[in-house]
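These notes concern the structure reproduced below.
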């Protein structure tokens, strides 16, 4: 989604744009995304005290975040950067930077949706946060006060209001908070396909092939290498998701990037139709009605590349969904269901690598968005277009600098 939004933004400024994607539009992490346009997702994962939770991640096979033991040695450098980022000053910088990319989402998406004729796929009806106790809701109050200071509105609901808003909810979820500014994409893969169709219709190209490297001459990329031959170019944008790190190295930047595994479970032919996404923060599960069914997402896993999926994680999400919605506990209610696993591109500080490449004057990095890829894609596209044109970015780029981790290492 980040790559396609960038391509459309560049095309709107008169560039002839070619997108390379070996899987086709929306077939990677976008495909299984629960579609949240979450302007309130502004806090990084690495926060002070996070180290105390890590033993639990290692020991709980079905917890919200799992690290497979076999991957721990390879993951160690990433974890080192992660723990270094868990300090108040860096959390404040990351929060401001995440807010800068997500806050303009509605306005930034509007022209892209209009060009692609995709308005029906995006709704701005808010998100409903639900809790099983007043204490659980109060525990998050400080975070919502920080969001309010940045202009992110949220309404603490009266007792039992969540079920009035979403009647399918279990009565135990009596406490809730409504975030009116958030939105939802009901089919992210369909949205990506419409973006790709708009690109081609307006004179661009979408080629089903992967990039293997770059031809460089005089500090510039002159061509993108592919198994089918070299493609000459005047500039290049690297937005290859979890596959970006090896390509970024060829452009002069060593970015610690992990392919964070995300899972979902989806119930098709469900009678439950949510008016807006529901997030049960205690269970760390996001539920949304998609065009293909009722989808549950929220788990993350770090594992060696090529390791088979642990489908217990998807089944665990379904079990949490049944806790949320009693109708799913009825015989046959979840008979028609699917499961999915995909790779999110995650950096240790939760910020994307966004900015000029160190080793090529005409190359721009735009990857590593982690959990805000859908939300931050449209604004990222605007930043990319400005960088390619040589204009100042409307977003301060220092927090996203692709070489920021290299600078930290060299300064120790």
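The values are calculated or read from the model by the stated rules, or taken from the named source; none is laboratory data. Note that the structure is predicted; figures quoted are calculated from it, not measured. Note: ideal-geometry Cβ built from the backbone for every residue, glycine included; neighbour counts use all protein chains shown.
Only one of the listed residues (236, 224, 267, 278) is buried (at least 17 other Cβ atoms within 10 Å of the Cβ), modelled with pLDDT of 95 or more, in contact with a strand residue (DSSP E or B) (Cβ under 9 Å, 6 or more places away or on another chain) and closer than 17 Å to residue 353 by Cβ. That residue is 236.
Taken as a whole, the condition of being crowded, with 22+ Cβ neighbours inside 10 Å, in contact (Cβ under 8 Å) with a residue 24 or more places away in the chain and in a helix (DSSP H, G or I) applies to residue 101. The set of residues in the stretch 22-52 being at pLDDT below 90, touching a helix residue (DSSP H, G or I) at 6+ places or on another chain (Cβ under 9 Å) and surrounded by fewer than 22 Cβ atoms within 10 Å (Cβ to Cβ) consists of 50, 51. Exactly one residue out of 190, 215, 196 is more than 27 Å from the chain's Cα centre (by Cα) and either surrounded by fewer than 14 Cβ atoms within 10 Å (Cβ to Cβ) or not in a loop (DSSP other than H, G, I, E, B) (or both), and it is 215. Restricting the stretch 120-147 to residues that are at negative phi, within 20 Å of the chain's Cα centre (by Cα) and in a loop (DSSP other than H, G, I, E, B) leaves a set whose member that is surrounded by the most Cβ atoms within 10 Å (Cβ to Cβ) is 124. Taking the criterion of being within 22 Å of the chain's Cα centre (by Cα) and surrounded by 13 or more Cβ atoms within 10 Å (Cβ to Cβ), the residues of the stretch 148-157 that qualify are 150, 152, 153, 154. Taking the stretch 295-312 as the range and being in contact (Cβ under 8 Å) with a residue 12 or more places away in the chain and more than 19 Å from the chain's Cα centre (by Cα) as the test, the residues that pass are 304, 305, 307, 309, 310, 311, 312.
Only helices (runs of 4 or more DSSP H) whose full extent lies in the stretch 1-62 are considered here, and the ones with at least 1 residues that are under 20 Å from residue 384 (Cα atoms) are 2-12, 29-32. Within the stretch 36-61, residues that are closer than 18 Å to residue 302 by Cα have Cβ atoms under 7 Å from residues that are modelled with pLDDT under 85 and in a loop (DSSP other than H, G, I, E, B) in these pairs: 56/63; 57/63, counting only partners at least 6 apart in sequence or on another chain. Summed over the stretch 104-119, residues that are surrounded by 20 or more Cβ atoms within 10 Å (Cβ to Cβ) and part of a loop (DSSP other than H, G, I, E, B) total 1. Among the residues of the stretch 313-349, those identified as over 22 Å from residue 69 (Cβ atoms), in a loop (DSSP other than H, G, I, E, B) and within 22 Å of the chain's Cα centre (by Cα) are 347, 349.
A residue that is touching a helix residue (DSSP H, G or I) at 6+ places or on another chain (Cβ under 9 Å) and not in a loop (DSSP other than H, G, I, E, B) can be found somewhere in the stretch 167-176. Taking residues in the stretch 154-165 that are closer than 13 Å to residue 180 by Cα, and partners anywhere that are in a helix (DSSP H, G or I) and modelled with pLDDT of 95 or more, the pairs with Cβ atoms closer than 9 Å and at least 6 places apart or on different chains are 154/144; 154/147; 154/148; 156/137; 156/141; 156/144; 157/164; 157/165. Filtering the stretch 243-270 to residues that are over 22 Å from the mean Cα position of the chain (by Cα) and farther than 18 Å from residue 187 by Cα leaves 249, 250, 251, 252.
Give the residue that is nearest to residue 41 (Cα to Cα), with candidates limited to residues of the stretch 371-389 that are modelled with pLDDT of 95 or more and out of contact with any helix residue (DSSP H, G or I) (no Cβ under 7 Å at 6 or more places or on another chain). Selected residue: 383.
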